[in-house]
Amino acid sequence: MKRLALAGLAALAAAGCFHRLYAPDRGPAGASLAMEERYALAPDGWKLSLVRYRPERLVPGRRPILLVHGIITNSRFFDVDPDHSFQRWMARRGFDTWALSLRATGGSDHFPDHEKDPGAAWPSVEDFVEKDLPAALAAVRAATGATAVDYLGHSLGGIIAYAYLGGGGEGVGSLVVMGSPVRFRWHTRVEEILRTGEPLMSLESLPLRGLSRATLPLMARLPTPLEPTLLNEDNLDAAVWRAYVSVGVDDLSGNLVRQAGRWIKENRLVSADGKVDYGGRLGAVRVPALVVAGKVDNVAPPWLVRPGFDALGSPDKTWLIAGEVGGLAADYGHLDMFVSDSAPRDLWPRLEAFLLAHEPQS
Amino acid sequence: MTRAVALGLGSGLALASLLFAPPAAAAPRSYHRKLAAADGTALALYRHGENEGGLPVLLLPEAGFPREAYDLDGDGLASGLAKRGFDVYVLEGRGAGRSAGTFDPATAVDDARVALAAIAKGRRPAVVAHGLLGSLVLEAAGEGKLGAAALSGLVALGSPFGPAAGPTFAEKLPGRCDRGLGFSRPASGLDPLAMIARGNAFPAAAAALLARARFSPAACALAARAGHGFPRLPGRLPFPVLAIAGMRDNLFAPEQTLALAEAELPGEKVTVFVAGRVSGFSEEYSHLGLVAASAARGDLHGRIADFLTSLEAR
């Protein structure tokens, strides 16, 4: 049995070595763009990666935009390869576009450093809201001289913005939130799937980055139930999906799993200790907002995203169903709103239009 | 060589399976019967099979759709339920198929009441209703408008019980829907495929069905009101309800059907689920797909039958 387990581990490790076959490099930034990676320092010492795509010619007065990814991923979610990159797409349209990797993901510090901070732990949402986001916003503002930054958050990235702005956070111009649930009754098998994950609640972290890379050669041949849950496969080529998995899947903090478990149990968006009801204070958010839900998003279906939009206090807010019924050419799932062949043609122009319509008056 | 042997073996097995396979069960015969509405209008009621002892089940097609929605050349839900022993009837609404008149919400409820009385035979029938008809039936039941033949339960397929989270095609219908919902794109600019049939494969019979379907102006107006004052939900759920939402339903979004569960009405139990791939279904179901998709036979008929069986056992 022990030999079998060792052989299995060895096979996974060997398979993992081949992940480079699928992993795309960022490649050159592209004509008229400059790419750089900078770091913001969180108050508790975590170093946070910020990847910037800067247009050759900045539009005077236009705010920079900060992109914040969701759970189990990193900033490569917005920049899979040169042909599948929302970040470059925006930069080519004149937006100074920054993508943050939250702590313990991507190019940011990856593990709690107990030497630097004996109390360091795998993150909860509060770490992102109270430390990472203020540090990232400050770094972008310092580098650009902007007084405010536009914000686009996908999934957990949107939840972070809700919590930050609902608590009086400042420095955000316009807000785009995509696929971010604030309620947690799916009425689908997702609830069943999540219940099977309960044993993970006791883990400190789940090394999904390594696991996903190790299983990539298998994924290339065997469809898994994950894909139809996470995306509408009509919207991207399988090779793009594998490329994303090879660079974009990241480790999962056990504290986040436990916090999400509380959300599901209580059917509301709360802090890890249950004391702060993030959903209940959305009325305090006043910035112009666009909230998007994928028509066939199984993770954050429209009926779980809409209550967040309804609760926003923003006098200027817009709701979009990412699907044919919302005027797009395709129906979108959770991840294919960005890891996508189709989104540049119909969905991303809608995001750009919202941001342009809410630019500061020069 | 090996390939040739494998091919030969495969062909042999395929041939043997054809020779020795049991013959496919024939669809139960259907019988047409004229029914006079309370105001004398001629309605068409169809019976599938002759299951005298089975639970009477009345199938109500979506407003403007003929009985073929449940028939599909013998492969539809009507046959599926008849083969399982239910005493199955389909009532064509006014203006659809062989029923006279035009669809109107008030007469639709009256007509359902007449049909229920005709099929009850001393038992409490169940209703399977598509779209607007499911909403109308629940509203009417709450207001005591279904008459003495109280229902044993309701299966509502893609029926709206609350507001949508965003725009729906139903809101764009008024004034344009009388041009038909056929597969050829009508001049209205609404793409009927996107509206009610996207994402599903359909048998040939369904294409003919779509070509014949017509929403009346009253049906359009009612569809646009779904979630905005229509339907009025009962204060107490009078019978068990199985409500199935189509993940890709663009006419009445899934959240409109799920609203029945979110309302947490006292009384009988409501069971809801969203028919989509994440829940193990073959496809993301559209509005029409819930009754007429090729895959519905495998995905949905058994679940509906199980629910009806549970009503029989009560």
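Every number in this text was worked out from the coordinates using simple rules, so none of it is lab data. Given the structure is predicted, the values throughout are model-derived calculations rather than measurements. Heads up, the Cβs are rebuilt from the backbone with ideal geometry, glycines too, and the neighbour counts pull from every protein chain shown.
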note = Under the Karplus relation with 6.51, -1.76 and 1.60 and θ = phi - 60°, whole-Hz ³J(HN,Hα) for the range A:157-171, x at Gly and Pro, equal x, x, 4, 4, 5, 4, 5, 5, 6, x, x, x, x, 10, x
task = Please work out the FRET efficiency for the pair B:ALA26 and B:GLU312, using the Cβ-Cβ distance as r and a Förster radius of 22 Å; give the result to the nearest 0.05.
result = 0.35
query = HN-Hα J couplings of the range A:50-55 from phi, Karplus 6.51/-1.76/1.60, θ = phi - 60°, integer Hz, Gly and Pro as x?
reply = 10, 9, 10, 10, 10, x
remark   = Distribution output for the range A:129-171: share of Cα-Cα pairs per 5 Å bin in percent, first bin at 0, values 6, 23, 33, 25, 11, 2
Per-q log10 I(q)/I(0), the range A:204-265, q = 0.14, 0.18, 0.25 Å⁻¹ (Debye; single scatterer per alpha-carbon; no solvent) = -0.50, -0.76, -1.08
ask   = What nm value, rounded to one decimal, do you get for the distance between B:LEU233 and B:LYS269 when each label is placed 7 Å out toward the C-beta?
value = 1.9
ask   = If the viscosity is 0.890 mPa s and the temperature 25 °C, what Stokes-Einstein diffusion coefficient in µm²/s follows for chain B when Rh is the Kirkwood radius over Cα pairs?
value = 124
request  = Take the Cα atoms of chain A, find their three principal axes, and give me the spread along each one in whole Å, biggest first.
outcome  = 69, 49, 49
ask   = What ranking of A:ILE193, A:ILE321, B:ILE304, A:ILE71 emerges when the number of other C-beta atoms within 10 Å of each C-beta is taken as an exposure proxy, fewest first?
value = A:ILE193, A:ILE71, B:ILE304, A:ILE321
key: Links that overshoot a 26 Å alpha carbon limit, given the list A:LYS131/A:LYS295; A:LYS265/B:LYS269; B:LYS145/B:LYS172; B:LYS34/B:LYS83   = A:LYS131/A:LYS295; B:LYS145/B:LYS172
task = Could you tell me the largest-minus-smallest coordinate of the C-alpha atoms of the range A:21-148 on each of the three principal axes, in descending order and whole angstroms?
result = 45, 42, 20
query = Which order do B:THR309, B:THR271, B:THR107 fall in if you start with the one that has the fewest other Cβ atoms within 10 Å?
reply = B:THR309, B:THR271, B:THR107
query = Stretched out fully, how many nm does the piece from A:LYS47 to A:MET201 gain, at 0.36 nm a residue minus the Cα gap?
reply = 52.8 nm
note = From fewest to most C-beta neighbours within 10 Å, the residues A:VAL177, A:VAL190 line up as A:VAL190, A:VAL177
message = So for the protein assembly as shown, considering every pair of alpha-carbon atoms, how many percent are separated by more than 43 Å?
response = 33
remark   = So, with points 7 Å from each Cα along the Cβ direction, the B:ALA295-A:ASP113 label distance in nm works out to 5.0
request  = In vacuum, with every alpha carbon of the range A:120-208 counted as one equal point scatterer, what does the Debye formula give for log10 I(q)/I(0) at q = 0.17, 0.22, 0.26 Å⁻¹? Two decimals, please.
outcome  = -0.87, -1.14, -1.32
inquiry  = Give me, ordered by chain and number, the residues 5 or more places off B:THR271 or on other chains with an amide H under 5 Å from its own placed amide H.
reply    = B:VAL241, B:LEU242, B:ALA243
task = Would you kindly derive the ³J(HN,Hα) couplings of the range B:122-133 from the backbone phi angles with the Karplus curve 6.51 cos²θ - 1.76 cosθ + 1.60 (θ = phi - 60°), listing them in order in whole Hz, with x for Gly and Pro?
result = x, 10, 8, x, 9, 10, 10, 10, 9, x, 4, 5
task = Extending each Cα 7 Å along its Cβ direction at A:LYS265 and A:GLN361, get the distance between those two points in nm, one decimal.
result = 5.1
query = Among A:PRO64, B:LEU237, B:PRO266, which residue has its Cα positioned farthest towards the positive end of the charge dipole of the protein assembly as shown, with +1 placed on the Cβ of Lys and Arg, -1 on the Cβ of Asp and Glu, and the dipole taken about the Cα centre?
reply = B:LEU237
key: Amide H contacts of A:LYS317 (H built 1.01 Å from N, under 5 Å, at least 5 apart or other chain)   = A:ALA289
